[in-house]
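Heads up, the thing below is written out as C-alpha cells.
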Amino acid sequence: MTSGPRIKPRFFGGAGLAATDAASLVKEGYAKGVPMGGILKQLEAAPTFAVAAQKDPKGANLDRIQIIKGWVDAKGEPQERIYDVVWSGDRKLDAKGKVPAVGSTVDVKAATYTNAIGSPELVGTWTDPKFDPKQYAVYYVRVLEIPTPRWTTYDAVRNNLPLLPDVPATVQERAWTSPIWYTPSK
C-alpha cells in the first residue's frame, strides 16, 4: 500500500537472512524465510528481516526504510517501536537509534524538488534486538520518500494563490507492507 507513488517494497523474515541486493534478497527470502503476510513460528533466536524498496520510476528518491514492531505487554497494553533499518546517504543513527532528517530540495515558491538527495533503491537487513521468543509480535515495513511539495502547494503555485497557513507545504510520501507475524506456538 502507498500514499500515492508506486514505491515497490519487499519484506522477508527468517533465520540468518543476509542478502545485500534485491535479487538475492528475494531468492534467499523465499528459501530461508517467509514473505510479508507470512507467519514466523517458534524461534529460539531473534529473526532477521530483509528489506528492499525501489522508488517510483517517475517519483522522488527514497529517504529510509523502517521496521515497525508491535506487541502486547504484560499489562495487556499494545506497544510499538519504530526502527530505522536502512537509509540513504552517510547519516548515522543517534543515541536514541534514530537517523536525522534527510534534508529537503523542495522549492516551495516554485513547487519543485530534485532527486539530488535520497536513493533510487535501498536494501538491508535487521535483527530484532529486543526479541522475546515467548512473546507474540508483529512486524511491518514503512518506506519514506524524500520531501516533495504537497498537492496543496502545487495547486497554490499553479493558481497564484497563497499557501494554506495551517497545512504543511511538503510531504514525505510512503509505502507500507503487509505484516510478518511471530507466534511462539507451533
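The values are calculated or read from the model by the stated rules, or taken from the named source; none is laboratory data. Every value quoted in this text rests on a predicted model; they were computed, and no experiment measured them. All Cβ positions, glycine included, derive from the backbone under ideal geometry; neighbour counts span all protein chains shown.
If the condition is being among the basic types (Lys, Arg) and over 13 Å from the mean Cα position of the chain (by Cα), then segment 107-159 contributes LYS109, LYS130, LYS134, ARG150, ARG158.
As a summary of the residue check, ASP56 satisfies the conditions (1) within 24 Å of PHE131 (Cα to Cα); (2) in contact (Cβ under 8 Å) with a residue 12 or more places away in the chain; (3) assigned to a loop (DSSP other than H, G, I, E, B); (4) acidic (Asp, Glu) except for the one numbered (1). Answer yes if at least one residue in segment 11-31 is under 13 Å from the mean Cα position of the chain (by Cα), closer than 30 Å to TRP151 by Cα and surrounded by 14 or more Cβ atoms within 10 Å (Cβ to Cβ), and no otherwise. Yes. Among the residues of segment 156-186, those that are loosely packed, with under 14 Cβ neighbours inside 10 Å, at pLDDT 95 or above and of a type in the set (D, E, K, R) comprise ARG158, ASP166.
Could you tell me whether segment 148-163 includes any residue that is in contact (Cβ under 8 Å) with a residue 24 or more places away in the chain, of a type in the set (A, V, I, L, M, F, W, C), at negative phi and part of a loop (DSSP other than H, G, I, E, B)? Before you say what the answer is, go through the steps one by one.
Narrowing segment 148-163 to residues in contact (Cβ under 8 Å) with a residue 24 or more places away in the chain: 148-149, 153-154, 156-158, 163.
Still in the list and also of a type in the set (A, V, I, L, M, F, W, C): 156-157, 163.
Those still in the list that are at negative phi too: 156-157, 163.
Among the residues that remain, those that are also part of a loop (DSSP other than H, G, I, E, B) are: 163.
Within segment 148-163, one or more residues are in contact (Cβ under 8 Å) with a residue 24 or more places away in the chain, of a type in the set (A, V, I, L, M, F, W, C), at negative phi and part of a loop (DSSP other than H, G, I, E, B).
Does TYR139 qualify as being closer than 30 Å to ALA46 by Cβ and not hydrophobic (A, V, I, L, M, F, W, C)? Here the answer is yes, as TYR139 does meet what is asked.
All conditions in (1) farther than 30 Å from LEU161 by Cα; (2) more than 15 Å from the chain's Cα centre (by Cα) hold for ILE67, with the sole exception of (2). Taking segment 39-53 as the range and being assigned to a loop (DSSP other than H, G, I, E, B) and not charged (D, E, K, R) as the test, the residues that pass are GLN42, LEU43, ALA45, ALA46, PRO47.
Within segment 121-133, residues that are under 15 Å from ILE68 (Cβ atoms) have Cβ atoms under 6 Å from residues that are aromatic (Phe, Trp, Tyr) in these pairs: TRP126/PHE49, counting only partners at least 6 apart in sequence or on another chain. Restricting the search to segment 41-52, which residues are out of contact with any helix residue (DSSP H, G or I) (no Cβ under 9 Å at 6 or more places or on another chain) and either under 16 Å from THR177 (Cα atoms) or loosely packed, with under 12 Cβ neighbours inside 10 Å (or both)? Matches in segment 41-52: GLN42, GLU44, ALA45, PHE49. Taking the criterion of being at pLDDT 90 or above and polar (S, T, N, Q), the residues of segment 25-56 that qualify are THR48, GLN54. Among the residues examined, GLY89 does not qualify as touching a residue at least 12 places away in the same chain (Cβ under 8 Å), more than 24 Å from ALA60 (Cα to Cα), surrounded by fewer than 19 Cβ atoms within 10 Å (Cβ to Cβ) and small (Gly, Ala, Ser). Looking at ALA74, ALA95, ALA111, just one residue is in contact with a strand residue (DSSP E or B) (Cβ under 9 Å, 6 or more places away or on another chain) and not acidic (Asp, Glu), and that residue is ALA111. For residues that are surrounded by fewer than 22 Cβ atoms within 10 Å (Cβ to Cβ) and touching a residue at least 12 places away in the same chain (Cβ under 8 Å), scanning just segment 67-81, find the one that is farthest from PHE12 (Cα to Cα). Looking at the filtered set, the residue picked out is VAL72.
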